[in-house]
Amino acid sequence: MESCGAVDTPRLSAELVVELLAGARRVAALTGAGMSQESGVPTFRDAQTGLWSRYDAAELASPQAFRRHPDRVFGWYLERWRTACRAEPHAGHRALAALETMYDDFLVITQNVDGLHQRAGSRDVVELHGSLEAFRCADAGHPADPASVAALEAPASGLVPPPRCAVCGSPVRPGVVWFGELLPQPAVERAWHWVGRCDVLLVIGTSSLVYPAAHLPAIARAVGARVIEINPQATALSERADVWWDERAGTALPALLEHLSRGRSA
Ligand code: OAD
């Protein structure tokens, strides 16, 4: 592992990463909550600011919690969705979207549910953990109209009774993956297939603690791909990555894009 230490400038770090990316044909980028942190969307495990340091995941992010306290769970996700809608993609999201246009084969695989990659212009995005706006009914999975959910009032109590499915009357739930649930199979298949054939895997803003997404770097390594981690904090992956670039996504990715573009036009 080559660490771009804190004394290294983004320029030097970017050059190292550009070297690895220069000959790549097939690139995947695995992103996590840290990717959206600079857009004002909280991460999960950062001390103090992370959602799971302030809320009990078992009480909010499981099918059992939704059955026990539907108003509380629905209200919490509605607020998260509104936060995501208010947020704007940052320069890192936009740089990643621009990188996609430089490769014939480039896939963003995200654990995020906020839609910011797509809003920044990324065209090919696999959402491993679902999407905050993909509301569906709990019993049959009938899609619910996001506009009707957006129109719901959110009282100060944060308790919002889930609307009822227009087709079958069952409660509407957020379209995210909860603890104890399987990831959407088509997303898993595409991500695993792609990473199993990539030359470079960028891993950006994830603690690499949540499986199965955290398996992807090992799959990349197994096929000889280079793994580049971008994260201001060391993670469970850092020691095993080819490069750990200890920088924030909003700084690293624009620098990377700039150096890569310069290299290509030279
Ligand atoms: P975590 O909150 O576990 O990790 C966020 C990571 O982002 C940490 O390693 C931070 O150091 C890093 N980070 C913070 N700010 C950053 C920045 N500006 N640039 C780059 N990195 C930054 O979030 P995830 O790894 O995404 O699952 O969590 C994985 C899953 O756990 C989530 O998808 C969610 C959660 O439970 C579900 O809800 C199913």
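Tabulated values for the structure
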read-out	value
Ala84 vs. criteria outside any strand (DSSP E or B), away from the ligand (no atom under 15 Å from the Cβ), free of Cβ contacts under 8 Å to residues at least 60 places away in the same chain and closer than 21 Å to Val126 by Cα	no
Residue in the stretch 174-196 that is farthest from Asp242 (Cα to Cα), counting only those that are loosely packed, with under 13 Cβ neighbours inside 10 Å and away from the ligand (no atom under 16 Å from the Cβ)	Pro186
Positions within the stretch 197-212 being more than 7 Å from the ligand (Cβ to nearest atom) and either in contact (Cβ under 8 Å) with a residue 24 or more places away in the chain or buried (at least 24 other Cβ atoms within 10 Å of the Cβ) (or both), in sequence order	Arg197, Cys198, Asp199, Val200, Leu201, Leu202, Val203, Pro212
Scope the stretch 191-202; condition in contact with a helix residue (DSSP H, G or I) (Cβ under 6 Å, 6 or more places away or on another chain) and either under 21 Å from Ala33 (Cβ atoms) or of a type in the set (Phe, Trp, Tyr) (or both); matching residues	Val195, Leu201
Matching entry among Arg119, Arg54, Arg45, Arg26 (being modelled with pLDDT of 95 or more, out of contact with any strand residue (DSSP E or B) (no Cβ under 9 Å at 6 or more places or on another chain) and among the charged types (D, E, K, R))	Arg119
Test: residue in the stretch 48-58 that is in contact with an Asp or Glu (Cβ under 8 Å, 6 or more places away or on another chain), touching a residue at least 12 places away in the same chain (Cβ under 8 Å), within 16 Å of the ligand (Cβ to nearest atom) and part of a helix (DSSP H, G or I)	no
Those helices (runs of 4 or more DSSP H) lying entirely in the stretch 168-266 with at least 2 residues of a type in the set (Val, Ile, Thr)	185-195
Elements of type strands (runs of 3 or more DSSP E) in the stretch 95-163, at least 3 residues being more than 16 Å from the ligand (Cβ to nearest atom)	105-110
Ala150 surrounded by fewer than 20 Cβ atoms within 10 Å (Cβ to Cβ) and modelled with pLDDT under 95	yes
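The values are calculated or read from the model by the stated rules, or taken from the named source; none is laboratory data. This structure is a prediction, so every number in the text was calculated from the model and none was measured. Cβ sites come from the backbone with ideal geometry, for glycine too, and all protein chains shown count toward neighbours.
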